[in-house]
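> First the structure, then my questions, so here it is.
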Amino acid sequence: MVEEHDFSTFTLDDFGDGGHGSEPATATADAPPAVDPRMPGGAAIAVVDADQAVRDYLAQQLGEGVGAEPSLVELEQRFGMGPIVVVLGPSCATPTDFAMIERWSRTNPEVGSVLVTSELTTELLQTALRAGVKDVLSAPIDQMQLVDTVGRVADGLSGVPIAPTTGAPTSLDDLEAMEGEPGKVITVFSTKGGSGKSVTATNLACALARRSTRPVVLIDGHLQFGDVAVMLQLAPQHTVVDAVSQMDKIDAVLLKDLLTVHSDTGLLVLPAPLEPTFADQIGGDQMRALVEIIRSFAGHVIIDLPAIFNDVVLSLIEGSDEVVLVAGLDIPNIKNVKIGLSTLALLNVPKEKLHLVLNRADSRVKLDVGEVEKTLQIRAAAHVPSDVVVPISVNRGEPVVLSAAKSGVAQAFEQLALRFLDGAAEVQEKSSSRRRFFG
Ligand SMILES: Nc1ncnc2c1ncn2[C@@H]1O[C@H](COP(=O)(O)OP(=O)(O)OP(=O)(O)O)[C@@H](O)[C@H]1O
Ligand SMILES: [Mg+2]
C-alpha cells in the first residue's frame, strides 16, 4: 500500500537557487518530449509536475529538448514507445502516481524514473524505491547532480538491465537465482589511525570486484570520518544512515538501490554518513544486521573501520569471516598492533582469521620485516611498499589497482585479493563487458 505524503507546503523556493534561473525555461507543456542526444541509447527525458513553475524549472536544469507534462496520465497519452527517463516533481509523490510508476516499471524496462522531493523521509524513499523509482533527490537540487542522476538512469535503460552488469540483483527473482553461500565478510582494521586502512579497503574491494563473479560490496564503517566515497570519487545519494534507518522494513532488493556503483569496477559502495553526528545514531547490532542482508546477495563484503575499539567496530569484527589488520612499519604502530592482537585474542578472534598487511614496508624504513613478524608472531599476508602513487591515487580518487596497476603497491593488493577468492573462475579477471558498459 502506497502512503500519501503531504507536499502542500512545497514551493519553488525549496530548490537550490529558489528557481530563479537566469535563462527562461525551454520546455512547455505543449512541446512534445524530444530525444536528448546526450542520453545513452537515445533515451528521452520528460519532467512531470502539476505546478508549471516547478516543471519548467526542472526542465531548464536538464537542458534543451526536455519534455514537460502536468501529469503522468498526460505523459502516457503523449509519449509513444522508446526509452525515457521521467523526472517526477514533488506533486507526483501520491499513491496514484506511484501505482502508475510501479506498473510502468514492471511492464516496460525502457522507462526509468527519478523523484525530486522537497524533503526526503525514509517512508517516502522506501515507497518510491518499492514503486520502482530508480533514485530520489531532495532539495536543494544541484544541477550537476540532477543531470548525473538522469544520465545514470538512462544508462540502465534501452532494454539493458543493470543487474547482470553490476552483478547486483534488481528483483526478487534475481535474488533467488543468486541464492547460495552467504558472502565472505572482510573487515579492515588497525590499531593506529592513518596506517592505510582505507587505501587497503578500497584497493582490495576494487581488485575483488574485478575478479569476483558475484557482487562485491564495500561498506564505509568509519561512521564519523569515512573516506571511502572520496577515495573512489563517488557522489553518493545514500549512506549507511539511510540503510540503517530502514532496517526493520528493508530487504535485499531495496538495499541494493541504496548502493552506489563504482563505474570502473562494478563495485557497490555504501558510504559513511555525510555528517559525523549521525554516527551516534548507529549501533553495532544495526550494522551487523545490515551486513547480514548485504552478504545474502554479495560474494564479498569489505568493511573499512576506524582505529578504535567501540561497539560498532567490535560487533563488525566479531561478525566477520576475515580481519585484515593494517600496520605501518614503525615502532609505535608495531607496539599498537601487539596490543590490538591481544585484544582480538580476548574477543576470541582466531588467528586463522587474521591477515596482517605491513604498509609502507620497504628497506628505507630501517625496520626488518622478519623481525617485526617474529615480534608479532604472525606472518604478513602482504608487504605494501611506500610509494608516491598512493597519495596521487588518493587525490585523484582512483585506486592504485586501477591507476598504477604495474606498481608494487597494486601487485601487493592484487595478491591480497587472491587470498579471498575461491575457484579458478573467479581468479581470472572478468572480461570487461561491464566496465565497457559503465566506462
Ligand atoms: N603505501 C603507501 N605509500 C605512500 N603513502 C601511503 C601508503 N599507504 C597510505 N598512504 C598515505 O597515508 C594516508 C592515510 O591512509 P588511509 O587514509 O588509508 O589511512 P587510514 O588508516 O584509513 O586512516 P584513518 O585511521 O584516518 O581512517 C593516505 O592519504 C595515503 O596518502
Ligand atoms: Mg580510513
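> Out of Ala272, Ala252, Ala279, which single residue is of a type in the set (Gly, Ala, Ser), closer than 27 Å to Phe413 by Cβ and either within 16 Å of ligand 2 (Cβ to nearest atom) or buried (at least 18 other Cβ atoms within 10 Å of the Cβ) (or both)?
Being of a type in the set (Gly, Ala, Ser), closer than 27 Å to Phe413 by Cβ and either within 16 Å of ligand 2 (Cβ to nearest atom) or buried (at least 18 other Cβ atoms within 10 Å of the Cβ) (or both) holds for just one of Ala272, Ala252, Ala279, which is Ala272.
> Before we move on, is Leu346 in the same structural domain as Asn203 (by TED's automatic domain parsing), crowded, with 21+ Cβ neighbours inside 10 Å and among the aliphatic types (A, V, I, L, M)? Walk me through it before giving the result.
Details: in the same structural domain as Asn203 (by TED's automatic domain parsing): yes; crowded, with 21+ Cβ neighbours inside 10 Å: no; among the aliphatic types (A, V, I, L, M): yes.
No: the conditions fail for Leu346.
> For residues in region 224-272 being at pLDDT below 90 and within 14 Å of ligand 1 (Cβ to nearest atom), which is nearest to Val401 (Cα to Cα)?
Per the stated criteria, the residue is Phe225.
> Counting only residues that are farther than 21 Å from Asp387 by Cβ and under 18 Å from the mean Cα position of the chain (by Cα), which one in region 185-205 is nearest to ligand 1 (Cβ to nearest atom)?
Narrowing region 185-205 to residues farther than 21 Å from Asp387 by Cβ: 185-187, 189, 191.
Those left that are additionally under 18 Å from the mean Cα position of the chain (by Cα): 185-187.
Numbers: Val185: 18, Ile186: 15, Thr187: 13 Å.
Checked region 185-205; the qualifying residue nearest to ligand 1 (Cβ to nearest atom) is Thr187.
Conditions tested, residue by residue: (1) modelled with pLDDT under 80; (2) within 25 Å of Leu402 (Cα to Cα); (3) out of contact with any Leu (no Cβ under 9 Å at 6 or more places or on another chain); (4) not assigned by TED's automatic domain parsing to the domain that holds His262.
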{"site": "Glu102", "(1), (2), (3), (4)": "no, no, yes, yes"}
{"site": "Asn108", "(1), (2), (3), (4)": "yes, no, yes, yes"}
{"site": "Leu146", "(1), (2), (3), (4)": "no, no, no, yes"}
{"site": "Pro164", "(1), (2), (3), (4)": "yes, yes, yes, yes"}
{"site": "Gly167", "(1), (2), (3), (4)": "yes, yes, no, yes"}
{"site": "Asp173", "(1), (2), (3), (4)": "yes, no, yes, yes"}
{"site": "Gly194", "(1), (2), (3), (4)": "no, yes, yes, no"}
{"site": "Ala205", "(1), (2), (3), (4)": "no, yes, no, no"}
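> If a residue must be polar (S, T, N, Q), within 15 Å of ligand 2 (Cβ to nearest atom) and surrounded by 21 or more Cβ atoms within 10 Å (Cβ to Cβ), how many such residues does region 211-238 contain?
Taking region 211-238 first, the residues polar (S, T, N, Q) are 212-213, 224, 233, 237.
Checking the rest, the ones that are also within 15 Å of ligand 2 (Cβ to nearest atom) come to 224.
Narrowing the set further to residues that are surrounded by 21 or more Cβ atoms within 10 Å (Cβ to Cβ) leaves none.
Looking only at that region, the number is 0.
> On the basis of being in the same structural domain as Gly370 (by TED's automatic domain parsing), exposed (fewer than 15 other Cβ atoms within 10 Å of the Cβ) and touching a residue at least 12 places away in the same chain (Cβ under 8 Å), does Ile317 make the cut? Give the derivation first.
Values: in the same structural domain as Gly370 (by TED's automatic domain parsing): yes; exposed (fewer than 15 other Cβ atoms within 10 Å of the Cβ): no; touching a residue at least 12 places away in the same chain (Cβ under 8 Å): yes.
For Ile317, the condition - in the same structural domain as Gly370 (by TED's automatic domain parsing), exposed (fewer than 15 other Cβ atoms within 10 Å of the Cβ) and touching a residue at least 12 places away in the same chain (Cβ under 8 Å) - is not met.
> For region 343-367: of the residues being away from ligand 1 (no atom under 14 Å from the Cβ) and part of a loop (DSSP other than H, G, I, E, B), which is modelled with the highest pLDDT?
Within region 343-367, the match that is modelled with the highest pLDDT is Pro350.
> Scan region 243-273 for residues that are among the polar types (S, T, N, Q) and more than 16 Å from Gln286 (Cβ to Cβ) and jot them down. It would help to see each step written out before you state the result.
Kept after step one, since they are among the polar types (S, T, N, Q), are these residues of region 243-273: 245-246, 260, 263, 265.
Matches in region 243-273: Thr260, Ser263, Thr265.
> Assuming Leu208 fulfils every condition listed in (1) farther than 21 Å from Arg152 by Cβ; (2) within 16 Å of ligand 1 (Cβ to nearest atom); (3) crowded, with 24+ Cβ neighbours inside 10 Å; (4) of a type outside the set (Gly, Ala, Ser) apart from one, which condition is it?
Against the list (1) farther than 21 Å from Arg152 by Cβ; (2) within 16 Å of ligand 1 (Cβ to nearest atom); (3) crowded, with 24+ Cβ neighbours inside 10 Å; (4) of a type outside the set (Gly, Ala, Ser), Leu208 comes up short only on (2).
> Of everything in region 284-314 that's over 16 Å from the mean Cα position of the chain (by Cα) and under 23 Å from Leu416 (Cβ atoms), which residue is surrounded by the most Cβ atoms within 10 Å (Cβ to Cβ)?
Ranking the qualifying residues of region 284-314, first place goes to Leu305.
> Could you look through region 300-342, keep only residues that are within 26 Å of Leu367 (Cβ to Cβ), among the hydrophobic types (A, V, I, L, M, F, W, C) and in a strand (DSSP E or B), and pick out the one that is farthest from ligand 2 (Cβ to nearest atom)?
Only one residue fits best here, namely Val323.
> A further question follows. Looking only at helices (runs of 4 or more DSSP H) that fall completely inside region 370-439, which ones have 2 or more residues that are modelled with pLDDT of 85 or more?
Numbers: elements: 389-396, 400-403, 408-419, 424-427, 433-438.
In region 370-439, 389-396, 400-403, 408-419 are the helices (runs of 4 or more DSSP H) which contain 2 or more residues that are modelled with pLDDT of 85 or more.
The values are calculated or read from the model by the stated rules, or taken from the named source; none is laboratory data. All values reported here derive from a predicted model rather than from experimental measurement. Counting neighbours? That spans all protein chains shown, and the Cβs are built from the backbone with ideal geometry, glycine included.
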